[in-house]
Amino acid sequence: MDTKILNSYNIAKEMYAGHGIDVDEALKKLAEIKISLHCWQGDDVRGFLFKDKELSGGIAVTGCYPGRAGTPDELRQDLEKALSLIPGKHKVNLHAIYADTDESIDLDELEPKHFQGWVDWAKEQGLGLDFNPTCFSHPKAEEGFTLSHPDPDIRDFWIRHCKASRNIAEHFGKELGQPCVTNFWVPDGYKDIPVDRLSPRKRLKESLDEVFREEIDTRYNIDAVESKLFGIGSESYVVGSHEFYMGYAMSRGKALCLDAGHFHPTEMISNKISSILMYVDQLLLHVSRPVRWDSDHVVIMDDELLEIARELVRGDLLSRTHIGLDFFDGSINHIAAWVIGTRNTIKALLRAMLEPVAKLKELELDGDFTSRLALTEELKSYPFGAVWDYYCASQGTPVREEWLAEVKRYEQEILYAR
């Protein structure tokens with residue numbers, strides 16, 4: 001290891017030790033955290049089942065940066081490159097439309113065999129897999145409703161698809177020896193103000209109950225449900241609101257997914273974490289960056305990302321939380337987006353782990369708010385960057401912006417050739 005990196009690390013470690021922080025132990029815990037990289041950043045949410053189908057369901061990708069993946073092999077190759085530049089061992093999050101098959105099949109016909117290429121690859125790479133049914137960009141979703149559709153035949157199609165997705169996820173969990181988190185999000189809603197808000201929610205509840213009727217061991221599959229405030233085409237009403245899914249998760253024993261972009265523009269998910277985990281066993285986070293709306297910008301280390309990390313660390317909630325990313329930016333290098341967003345998420349967790357949480361809680365309990373504020377502010381200028389550099393180097397990944405040169409080389413040799 002570079003002597004400068006090591007010397008800076010030892011100085012930083014001594015400074016943090018003055019507050020009772022064991023930096024080596026913090027790095028061990030950090031290395032155990034798996035971030036789930038979303039495959040859809042690599043190809044602008046196109047997938048491989050219906051390549052010519054336009055995006056729908058309130059989803060839009062802007063930009064036309066060259067080199068997006070066009071086949072499962074290309075996407076896996078790009079993911080390998082991104083993961084080689086990110087410290088730690090992580091997971092990859094798949095949508096159903098990313099099936100690796102030459103068969104012409106519909107969503108309700110998917111089976112584990114259609115994803116065996118992903119399973120074999122994940123085993124080779126030492127990765128876990130997460131999953132999502134794809135309830136958008138499909139002819140049976142064009143009316144804006146899926147699991148809450150008034151037509152029972154259309155509802156049954158989506159129920160079959162969601163059931164098939166759980167079976168695929170269970171297969172992932174068994175094959176890879178770690179649970180697959182299967183997240184259920186549907187775009188159902190109205191563009192304008194509805195007369196009847198209740199009936200679609202009743203239908204959604206009944207459909208979900210049918211989807212989850214079969215018990216699956218949580219060692220293999222963990223179900224999560226995800227809300228949204230609004231989307232393109234559902235500006236006035238979304239069936240699966242936050243209140244709907246919070247109640248559903250609590251009453252049905254499911255994990256609740258909080259997406260950073262799925263709430264009011266100034267509403268933060270960090271403040272919800274401690275409340276929700278009092279009443280549900282597990283939480284799924286979709287870490288994203290909304291800019292005025294659910295625009296899914298690449299995650300930067302902003303105040304909200306830091307607050308999310310602090311909530312998880314200060315409350316000792318990491319063991320009950322699954323952290324996934326959810327952004328798609330077609331205006332920049334697709335691999336760089338993964339690397340920037342994932343490294344920032346890990347950095348934020350590291351910064352939170354380098355706080356003297358017990359000491360800060362003691363000050364708060366004693367009513368010494370002056371010391372609490374002074375210490376939290378002074379810690380912001382402590383040399384966490386030196387610890388981060390050491391962590392990257394010890395994990396065999398590039399230090400600081402060194403990774404960018406490798407992405408640029410890969411872009412010239414691989415991406416532009418596409």
- Message: Which of the numbered conditions does W118 fail, given that it passes all the others? Conditions: (1) assigned to a helix (DSSP H, G or I); (2) surrounded by fewer than 21 Cβ atoms within 10 Å (Cβ to Cβ).
- Response: (2)
- Tally of residues being under 23 Å from D44 (Cβ atoms) and free of Cβ contacts under 8 Å to residues at least 24 places away in the same chain across region 273-311: 1
- Message: If a residue must be assigned to a helix (DSSP H, G or I), in contact (Cβ under 8 Å) with a residue 12 or more places away in the chain and not β-branched (V, I, T), how many such residues does region 5-54 contain?
- Response: 16
- Message: Take G189 and tell me if it is surrounded by 15 or more Cβ atoms within 10 Å (Cβ to Cβ), within 18 Å of H262 (Cβ to Cβ) and modelled with pLDDT under 95.
- Response: no
- Are any residues in region 256-267 surrounded by 14 or more Cβ atoms within 10 Å (Cβ to Cβ) and either farther than 12 Å from T321 by Cα or not aliphatic (A, V, I, L, M) (or both), and if so, which ones? C257, D259, A260, G261, H262, F263
- Quick one: how many residues across region 249-275 are in contact with a strand residue (DSSP E or B) (Cβ under 6 Å, 6 or more places away or on another chain), over 21 Å from V291 (Cβ atoms) and either outside any strand (DSSP E or B) or not hydrophobic (A, V, I, L, M, F, W, C) (or both)? 2
- Message: Within region 123-137, take every residue that is touching a residue at least 60 places away in the same chain (Cβ under 8 Å) and more than 12 Å from P187 (Cα to Cα) and give me the one that is surrounded by the most Cβ atoms within 10 Å (Cβ to Cβ).
- Response: D130
- Say whether the condition of being among the acidic types (D, E), under 26 Å from I323 (Cα atoms), part of a loop (DSSP other than H, G, I, E, B) and touching a His at 6+ places or on another chain (Cβ under 8 Å) is met by at least one residue in region 138-145. no
- Conditions (1) polar (S, T, N, Q); (2) assigned to a loop (DSSP other than H, G, I, E, B); (3) in contact with a Leu (Cβ under 6 Å, 6 or more places away or on another chain); number of the one not met by S371: (2)
- Tell me, please, whether a residue that is within 23 Å of V45 (Cβ to Cβ), surrounded by 23 or more Cβ atoms within 10 Å (Cβ to Cβ) and among the hydrophobic types (A, V, I, L, M, F, W, C) can be found in region 148-159. yes
- Task: Output the residues belonging to region 277-306 that are at pLDDT 95 or above, surrounded by fewer than 17 Cβ atoms within 10 Å (Cβ to Cβ) and closer than 16 Å to S227 by Cβ.
- Result: Y279
- Quickly run through region 344-368 and pick out the residues that are within 29 Å of the chain's Cα centre (by Cα) and not in a helix (DSSP H, G or I). L354, E355, P356
- Message: Filter region 218-248 down to the residues that are outside any loop (DSSP other than H, G, I, E, B), surrounded by 23 or more Cβ atoms within 10 Å (Cβ to Cβ) and small (G, A, S) and list them by number.
- Response: A224
- From D389, D303, D294, D366, residue being on the phi < 0 side of the Ramachandran plot and in contact with a His (Cβ under 8 Å, 6 or more places away or on another chain): D294
- Inside region 250-270, can you point out the residues that are within 18 Å of the chain's Cα centre (by Cα) and either under 15 Å from E304 (Cα atoms) or of a type in the set (A, V, I, L, M) (or both)? A255, L256, L258, D259, A260, G261, H262, F263, M268, I269, S270
- Message: Given the condition within 22 Å of the chain's Cα centre (by Cα) and within 24 Å of G240 (Cβ to Cβ), answer yes or no: does some residue in region 151-162 qualify?
- Response: yes
- From G67, G42, G20, grab the single residue that is modelled with pLDDT of 90 or more, touching a Leu at 6+ places or on another chain (Cβ under 9 Å) and on the phi > 0 side of the Ramachandran plot. G67
- Note on the structure: Residue pairs within 9 Å by beta carbon, gap of at least six or interchain, first lying in region 405-418 and touching a residue at least 24 places away in the same chain (Cβ under 8 Å), second outside any helix (DSSP H, G or I) and of a type in the set (F, W, Y), listed first then second, are L415/Y65
- Evaluate the following for G144: is it touching a residue at least 60 places away in the same chain (Cβ under 8 Å) and in contact with a Lys or Arg (Cβ under 8 Å, 6 or more places away or on another chain)? yes
- Item | Hey, L79 under 30 Å from L176 (Cα atoms) and part of a helix (DSSP H, G or I) or not | yes
- Picking from E74, E170, E103, which residue would you name as being surrounded by fewer than 18 Cβ atoms within 10 Å (Cβ to Cβ) and either on the phi > 0 side of the Ramachandran plot or in a helix (DSSP H, G or I) (or both)? E74
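Every residue in region 200-220 that is more than 17 Å from T134 (Cα to Cα) and in contact (Cβ under 8 Å) with a residue 40 or more places away in the chain, please.
Selection gives P200, R201, R203, K205, D209, E210, E214, I216, D217, R219, Y220.
The values are calculated or read from the model by the stated rules, or taken from the named source; none is laboratory data. Everything numeric here is computed off the predicted structure, so don't read it as measured data. FYI the Cβ positions are ideal-geometry reconstructions off the backbone, even for glycines, and counts take in every protein chain you see.
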